[in-house]
1. When the stretch 69-84 is examined, which residues are found to be buried (at least 16 other Cβ atoms within 10 Å of the Cβ) and either of a type in the set (S, T, N, Q) or within 11 Å of the chain's Cα centre (by Cα) (or both)?
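The values are calculated or read from the model by the stated rules, or taken from the named source; none is laboratory data. None of these values were measured; they are calculated from a predicted model. Positions of Cβ are generated from backbone atoms using ideal geometry, with glycine treated the same way; all protein chains shown enter the neighbour counts.
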Amino acid sequence: MVTFDDVRRIGLQLPEVTESTWYGTPGLKVRNKGFCRLWGEREHRRDQVHDTEVLVVFCELEMKPVLLENHPRVLFTVPHYDGYGAVLVRLADADIDDVADWLEDSYRRVAPPTLVHRLDRA
């Protein structure tokens, strides 16, 4: 079982990541740009998902269907994210290594090229 504490620990190892809030929920940012956040109570109510913490991460829009198909128990989407490169992660059902990969991918979509280059050199 993965928690937001795990997400925080993994994410803060990436270059220039800070913990913050984003849409009123805990999240991680790189140079003030969010790349992951927890769903808030409003989203849980709106989308009828109450069983787990849900993490929002970015992905390539073209890869979204593949990710959803390959991880049906863990990843999902809702109409709010239709046409948008983001997937939702049921943290309680997630594997820590997968979450680390998804966090890094999300980070790469938001971080400036200089930081991505620094990550690649590390």
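1. Step one: list which residues in the stretch 69-84 are buried (at least 16 other Cβ atoms within 10 Å of the Cβ), which gives 71, 74-77.
Within the stretch 69-84, Leu75, Thr77 meet the criteria.
For every residue, the table says whether it meets (1) buried (at least 16 other Cβ atoms within 10 Å of the Cβ); (2) modelled with pLDDT of 95 or more.
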| position | (1), (2) |
| --- | --- |
| Gln13 | no, yes |
| Tyr23 | no, no |
| Asp51 | no, no |
| Met63 | no, yes |
| Leu67 | yes, yes |
| Tyr107 | yes, yes |
